[in-house]
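Some notes on the structure that comes next.
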Ligand SMILES: *Cc1c(COP(=O)(O)O)cnc(C)c1O
Ligand SMILES: [Zn+2]
């Protein structure tokens, strides 16, 4: 078939190029590590896709950028509205932090409440283009919920592998949407390995992160939106939390696309934020270790969405930070919970721990002078706080927020109120 906007799929390890019809997932020469990068024909795209046509586009979703996406121009897209999430100017937080300009991109506002909808939307289209009957993925929870919801919108059967320990809200989403759910008695990494075996064995379409080359392409739409929402001025720096590294690689790809088209004049420095208990990429970056030989670590953090012992998209993730002169930052669970509250109270954006981790990374970077005070900064909240109520409640306890319980009698009111606010 062939898509005119795509030149080829290029292996990030050996540079070998494939026609998109030639391989579905990875370069076969390096076990499962040969992640492919989709290479576009920017001249072709630029000749028929303009900033001005976007300005008049009524399509308020990722599909407004369809000519820059790896899907057929006539391919059916899911009806759920993915993307075009709000970018809030967070002046109060900026003042609190003593920085010039801060924006919060709220991907908790996606249809299944996380950033993963951007990738799963592409997965569904690609699976349909391939005529696949069943789609599968492994996930810490959000990629699963995203695939699940988007499949429900198109009535596509899917099988999902998640660790048994995934937060209840995420597992509930899967069951509500009607996915076939396999709870793995183990970590996300275990679920991933099992899902890979299943996809191969039963011939299912494989959405897995760091394996399916098209997931990066969905995730890059956040960079398009940020630039368009800032009137095509790219920010100085972007903070994003990192587990497998697919989102950060996607963010990088989006800015690279816009540079190649000449639509922006710089690529922001990209800051990858990891949790202390799951800091494979931070360690590798800091210690200049080779991510192809560095073994998996044991991952454990309250930010379940970024708990990954062996980040599957580690090559693209490392490139994103190194090629933009960014940095990896590592934050403790305690710092994440503190940031969750600060972000919510300072901007009204309630993130799940992995989302708030990006904000914790900004705070940490300012404390360690990694970031200049005059920079314009975007923090991406990747997931909605309602995804993980237990962690959010824990966070409120650390700042001493407790409700006051009252008897339903007017006489009891005064005493209760005095515990909460000053009254005469
Ligand atoms: C998946 C996820 C991340 C991390 O994305 P990776 O591609 O795994 O690095 C961050 N935050 C949330 C809420 C996520 O669901
Ligand atoms: Zn290769």
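General remarks:
- Annotation: of all residues in segment 1-30 being within 16 Å of ligand 2 (Cβ to nearest atom) and not in a loop (DSSP other than H, G, I, E, B), the one that is surrounded by the most Cβ atoms within 10 Å (Cβ to Cβ) is 9.
The rows are residues; the columns are (1) near ligand 1 (Cβ under 9 Å from one of its atoms); (2) surrounded by fewer than 17 Cβ atoms within 10 Å (Cβ to Cβ); (3) on the phi > 0 side of the Ramachandran plot.
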{"residue": "242", "(1), (2), (3)": "yes, no, no"}
{"residue": "247", "(1), (2), (3)": "yes, no, no"}
{"residue": "265", "(1), (2), (3)": "no, yes, no"}
{"residue": "288", "(1), (2), (3)": "no, yes, yes"}
{"residue": "294", "(1), (2), (3)": "no, yes, no"}
{"residue": "302", "(1), (2), (3)": "no, no, no"}
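- Residue 352 meets each of the listed conditions (1) under 18 Å from the mean Cα position of the chain (by Cα); (2) within 26 Å of residue 372 (Cβ to Cβ) apart from (2).
- Selection of segment 114-138 for residues being part of a loop (DSSP other than H, G, I, E, B) and surrounded by fewer than 24 Cβ atoms within 10 Å (Cβ to Cβ) yields 131, 132, 133, 134.
- Single residue of 37, 33 found to be in a loop (DSSP other than H, G, I, E, B), farther than 26 Å from residue 230 by Cα and either within 16 Å of ligand 1 (Cβ to nearest atom) or touching a helix residue (DSSP H, G or I) at 6+ places or on another chain (Cβ under 8 Å) (or both): 33
- All conditions in (1) more than 16 Å from ligand 1 (Cβ to nearest atom); (2) touching a residue at least 12 places away in the same chain (Cβ under 8 Å); (3) closer than 25 Å to residue 316 by Cα hold for residue 66, with the sole exception of (2).
- Residue within segment 224-231 that is over 18 Å from the mean Cα position of the chain (by Cα), more than 30 Å from residue 169 (Cα to Cα) and either at pLDDT below 95 or assigned to a loop (DSSP other than H, G, I, E, B) (or both) present: yes
The values are calculated or read from the model by the stated rules, or taken from the named source; none is laboratory data. Being a predicted model, the structure only gives us computed values, none of them experimental. As a convention, Cβ positions derive from the backbone with ideal geometry for all residues, glycine included, and neighbour counts pool all protein chains shown.
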